[in-house]
Amino acid sequence: MTLDPPVRKSLPTDDDGGFPRLLALVQQRFAALAATERPLFRTDLPGVSATFVEHLPPELRQHYTCSCCRGFRERVGGLAVVSERGELSSALWPSPDEVPAAFARSVQALHERLAGADITSVFLASERVVGTPQTGPWTHLAIDIPAARRHQSLVATAGQAAAAKREDRRLLERGLDEFPVAVVTRALDHVTSEGFYRSDKAEGVLRWLLGLHEMRAVVHDARARANLLWVAAATAPPGFCHVRSSMVGTLLEDVVAGLPLDRIKERWADKMSPSQYMRAQVAPSAGNIAQAEKIIAAMKAAGSLERRHARLEDIPLLLWRAPVTDTGAPAAPAAPAAPAGVFGHLAAKVKAAVKPAHTITWEAFQHTVLPEALRIEAQVPPSPDRFMGLVTAVQPDAPPILQWDTAEARNPFSWYYAAGIDAEIRRRVLEAGGTHEGCDIRVSLLWNNRNDLDLHVHTPAGAHIYFGAKQAPCGGFLDVDMNVRGETDKPVENVRWVRGTARAGRHRVIVRNFAFHHDPTCSPTVFRVELEVSGEVFHASAVISPARQTGEASDVLIAEFDYVPGQKLAGAPRGLQPAAQEAGAWGVTAGQWAPVRAIVPSPNQWGDRPLLHHGRHMFFLLEGCRDRSSGVGRGFFAETLRSEFHPIRSTLEAHAASTPLAGAEEATACGLGMSDQSPWNLALRVTTATATTTYLIDRWQ
C-alpha cells in the first residue's frame, strides 16, 4: 500500500513557505465573496494544479503535490467572479503581493491565465466544505461553503442546476439575437403606453432585456460581453432568460410581425386575461403528474400546497393600521377636550371640518397624509375587479414554494384579485358568432381547456336544448357549441332567447362533460356560467369531473328559475350571484364608505430583497370585507412559484384550479388592491386630529 508522502505539518516550518498564511488568505477571500450576492463561476482554466506547482521554488515543489491539495486546485482553483466591466478575477487566490513570497509566482501565474479563460458554468456546491481540511497531522487547501451559498434543492443536484443555468444562458443569448434593441424598445414603448393591460408582467422583463442590449453595445470586448451575459443569466429572476417561450416572447414576435398597436394590445390582453388563470392552459401529462409526485415527496412539500385565506392578525408587515379598541374594533377619533372657563359648558356653533376632495398620487398621500391619519374610509367601487384577498399557508412550517419565501426569512403570503370575467365571456361569444345582447334569457358557459363541456337547458315546454337539438320550438337556440373535437383551449357555449321569444315557466340549466380531449389524466375542469334574465346578470363558478366523470354522471346543476316575460327574477337562483351585486358578495356595498382596517404592500415587496418584477401593489383591507366564494384556483399562481417547481407547472396549476381555499369564514385580510401599472381613482376619506378630508388618489406616482 502506497501512501502520499507527508508534505507538511499543520504548523509552519522553515521549509513550507508559509502555507498556513496562504490557506488563511484563500479562505478569507472566498468567504468575503461568498457573503455577497455576486455569482461565482467555473472556468476552463487548464492545468491549475500543475501551474501552481511549476511556479513554486524548486525546493518546495515536492511539498505541495499531495492528492488532497491537487484535487482541490483542479476542482475549484479556477473559480472566478466577474467585474462590472466583464473582467474575470479569481474567487480564491489573493493578490500576489499579499501571499508569502514562496507562493507569489504561482499565484501571479494563475491570475494571468485566468484573465484569458472562458466561463463554463455557474459554480454550485451542495456540500458544507470543499476540499479535505485535515488528514492526520497534515493540513490541506479547503474552503467552507456558507449555508446561503449551498445548493440545497431536493429536486435537482448541483450539477443539474448548473446545467439548467447553462441552458438559461444559451436561451438568453438566442433571445437577444432574435429580438434586437429596436424591437425591445418598441415593445417597451407599447407596454408603457396608457391602456396596456397588466403591463407589469412585461415591463420588468423588457427593461432587463434592454439593459442587456445596452451593455452589449458599450462593451466592445467579446469575452467581457460573454462574461456579463453569464452574470445576467445567473442572477435573472425565474423565466426571464426564456425569452422566446415566455409571454414577453409572444409580444416581441407581434412587434416583429409588424402588427398595429391595437391588435398587439388585444392579443396581449387575451393572453393575460384573468380567466386564463383559472386553471392550467394545457392539461398535465401522466408523466408530469408522476414527476410532480416525486418532486413534492422529495421536498416534503405536500403541506405547502394547502392554502387558506389570511387573517389580518397573520400579516407581519402593515404600512398603516387603524387604531383599535380593547375589543379589536376600529376606534373612533378622540373627541376634542372641552374648553375650560366659566362658559366652557356651553355648546358653541361648530362648522363642519370636512374638506373637499383633493386629487393626489399615492406616493404623495403616503408621505404627507398617512402619518397623521387616525381613520381612513374607502369608497367601494362599483366593479368587483379591484377586490383582492391575501392567502397564506395552512401549515406555516411547510417548505417554501413562493419565490419571495425562504427558509431564512419566511413569507408564505400571496394574493389574488377578484377580476370579474364577464367581459371575457362576451368577447368569446361574439367572436364565435353568438348573440350576447338583446336577449330575454341567455346562458353562457366559459372554461379554459380542450375538454368538451356542454350546456343543457330544459324549457317549460319540455324541450331539451343541447348539441343534439340546438333549436327548440319555444325560441331557445344553442348558437355556439365548441370543442366537439377539442379544437380550442378558450371555448365558450351560448344558449339564448332573443327578446320577445322566451316563454313563461321553469327553466333548468345543467353543465355536462361530454368528453376529455388531449387530457390523458382526465383532470377536473373549472368553469364559469353567466345567466342573463330580463337584463339582469348572474354568475356562478364550479368544478366539473372531480372524479373523471363524463356524460350524465358528470352533470352539475347550475340553476332552476321561473321566468315571467318582461320581469326580473324575484331573487337570484340558488348558487348564483347577481353581477351588479358582486361587490356586495364581498360584504361591502358599492358606492358606500367602508372603514380601512389596514394598508399593506403586496408580499413580494416585503423584506430586504423585494421582487419587484411581480409588480407593486398596495392593498386596503376593509372592515367587513370578505371573499364569500369558494376560492377555487386562488391558492397560488404558477408564475410566483420557486424555480424548483417550474418543471411541474402544469400539474400544480391544475391542482390549484380545483382546490378551494380553507378558512373562508375567517378571511379578514380582504379589501381593495391597486397597482403602479394602472389608474387608481380611489376615493379615501381621512380623519386626522383636526379635520376630515376626502382624497382622490389617481395613480401610484
Out of (1) closer than 26 Å to D385 by Cα; (2) touching a helix residue (DSSP H, G or I) at 6+ places or on another chain (Cβ under 7 Å); (3) assigned to a strand (DSSP E or B), the odd one out for A540 is which?
-> (2)
Any idea which of R626, R649 is within 27 Å of I296 (Cα to Cα), basic (K, R) and either at pLDDT 80 or above or not in a strand (DSSP E or B) (or both)?
-> R649
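Per-residue answers, yes or no, for (1) in the same structural domain as L621 (by TED's automatic domain parsing); (2) in contact with a helix residue (DSSP H, G or I) (Cβ under 6 Å, 6 or more places away or on another chain); (3) crowded, with 17+ Cβ neighbours inside 10 Å; (4) at pLDDT 85 or above:
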{"site": "V282", "(1), (2), (3), (4)": "no, yes, no, no"}
{"site": "A298", "(1), (2), (3), (4)": "yes, no, no, no"}
{"site": "R307", "(1), (2), (3), (4)": "yes, no, yes, yes"}
{"site": "I315", "(1), (2), (3), (4)": "yes, no, yes, yes"}
{"site": "D326", "(1), (2), (3), (4)": "no, no, no, no"}
{"site": "A340", "(1), (2), (3), (4)": "no, no, no, no"}
Identity of the residue in segment 530-554, touching a Ser or Thr at 6+ places or on another chain (Cβ under 6 Å) and of a type in the set (A, V, I, L, M), that ends up nearest to F467 (Cα to Cα) = I544
Do we find that S193 is farther than 20 Å from F240 by Cα, outside the structural domain of C66 (by TED's automatic domain parsing) and within 24 Å of the chain's Cα centre (by Cα) in this structure?
-> yes
Kindly check whether there is at least one residue in segment 547-554 that is buried (at least 19 other Cβ atoms within 10 Å of the Cβ) and in a loop (DSSP other than H, G, I, E, B).
-> no
Which ones in segment 670-701 are within 19 Å of the chain's Cα centre (by Cα) and small (G, A, S)?
-> G673, S675, S678
Residues of segment 481-507 being touching a Pro at 6+ places or on another chain (Cβ under 9 Å), under 15 Å from D452 (Cβ atoms) and not in a loop (DSSP other than H, G, I, E, B), in sequence order, are none
Any idea which of (1) at pLDDT below 90; (2) more than 23 Å from the chain's Cα centre (by Cα) is the one S153 doesn't satisfy?
-> (2)
Test: V380 is assigned by TED's automatic domain parsing to the domain that holds P603, out of contact with any His (no Cβ under 6 Å at 6 or more places or on another chain) and over 23 Å from M674 (Cβ atoms) = no
All conditions in (1) at pLDDT 95 or above; (2) assigned to a helix (DSSP H, G or I) are true of I376 except (2)
Just one of R21, R42, R8 is part of a strand (DSSP E or B), basic (K, R) and either over 48 Å from the mean Cα position of the chain (by Cα) or at pLDDT 90 or above (or both); which is it?
-> R42
Within segment 161-193, restricting attention to residues that are modelled with pLDDT under 90 and of a type in the set (S, T, N, Q), which residue is nearest to A217 (Cα to Cα)?
-> T192
Kindly indicate the residue of segment 563-615 that is assigned to a loop (DSSP other than H, G, I, E, B) and among the hydroxyl-bearing types (S, T, Y) and also modelled with the lowest pLDDT among those meeting that condition.
-> T589
Sole miss for Q701 among (1) part of a loop (DSSP other than H, G, I, E, B); (2) of a type outside the set (G, A, S); (3) crowded, with 18+ Cβ neighbours inside 10 Å; (4) at pLDDT below 90 is condition (3)
Among the residues of segment 226-247, is any over 22 Å from the mean Cα position of the chain (by Cα) and among the basic types (K, R)?
-> no
How many residues of segment 645-676 are of a type in the set (D, E) and crowded, with 21+ Cβ neighbours inside 10 Å? The answer is 1
In segment 68-127, which residue that is among the polar types (S, T, N, Q) and within 41 Å of the chain's Cα centre (by Cα) is farthest from V219 (Cα to Cα)?
-> S126
Please find, within segment 174-189, the residue that is nearest to H646 (Cα to Cα) out of those that are of a type outside the set (A, V, I, L, M, F, W, C) and surrounded by fewer than 19 Cβ atoms within 10 Å (Cβ to Cβ).
-> R174
For segment 394-403, indicate whether the set of residues that are at pLDDT 90 or above, in a strand (DSSP E or B) and surrounded by 17 or more Cβ atoms within 10 Å (Cβ to Cβ) is non-empty.
-> yes
Please verify whether segment 97-118 includes one or more residues that are assigned by TED's automatic domain parsing to the domain that holds L209 and of a type in the set (S, T, Y).
-> no
Counted residues in segment 476-513 being surrounded by fewer than 18 Cβ atoms within 10 Å (Cβ to Cβ) and small (G, A, S) come to 4
Pick out the one residue from A222, A187 that is in contact (Cβ under 8 Å) with a residue 12 or more places away in the chain and among the hydrophobic types (A, V, I, L, M, F, W, C).
-> A187
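The values are calculated or read from the model by the stated rules, or taken from the named source; none is laboratory data. Keep in mind that what you see is a predicted model, and the values were worked out from it rather than measured. Heads up, the Cβs are rebuilt from the backbone with ideal geometry, glycines too, and the neighbour counts pull from every protein chain shown.
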